[in-house]
Amino acid sequence: MAVTVGTLRPVVEMWDWQQHGKCRQVDPEVFFHPEGERGSKRHDRDAAAKVVCEACPVLAQCRAHALAYREPYGVWGGLSESERESLYTGAAVPASAAS
């Protein structure tokens, strides 16, 4: 299948939403856990990331991106790794993540 120049969008338009994310104002460690982190520390880190996401003007774009590209790590669009995995597999997602 041939792709014509008219059907291609400039890359900057595809990713421009990321420039407006609240996460850009926060240390990335809030969104990405260190290897081996478990329990209350991981839960608290995820919760802190989700607070940032709740106030983000590009939450919907971020969540759509994470689900479409199956982002494997971190909190994206207010969803943790395990919550995204639950959506992929059709398992129930906690109500706190569905907002």
Checklist outcome for this item: The condition from (1) assigned to a loop (DSSP other than H, G, I, E, B); (2) in contact with a helix residue (DSSP H, G or I) (Cβ under 8 Å, 6 or more places away or on another chain); (3) surrounded by fewer than 17 Cβ atoms within 10 Å (Cβ to Cβ) that residue 34 misses is numbered (2)
Checklist outcome for this item: Considering residues that are among the β-branched types (Val, Ile, Thr), in a loop (DSSP other than H, G, I, E, B) and within 13 Å of residue 23 (Cα to Cα), the number found within region 48-94 is 2
Checklist entry - What number of residues within region 21-76 are polar (S, T, N, Q) and closer than 20 Å to residue 87 by Cβ? => result 1
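Condition check ((1) surrounded by 10 or more Cβ atoms within 10 Å (Cβ to Cβ); (2) at pLDDT 95 or above; (3) more than 14 Å from the chain's Cα centre (by Cα)) across all residues:
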position	(1), (2), (3)
12	no, no, yes
30	yes, yes, no
52	yes, yes, no
57	yes, yes, no
61	yes, yes, no
69	no, no, no
80	yes, yes, no
91	yes, no, yes
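The values are calculated or read from the model by the stated rules, or taken from the named source; none is laboratory data. What you see is a predicted model, and the numbers here were worked out from it, not measured in a lab. Quick reminder, even Gly has a Cβ in these numbers, built from the backbone with ideal geometry, and neighbours come from all protein chains shown.
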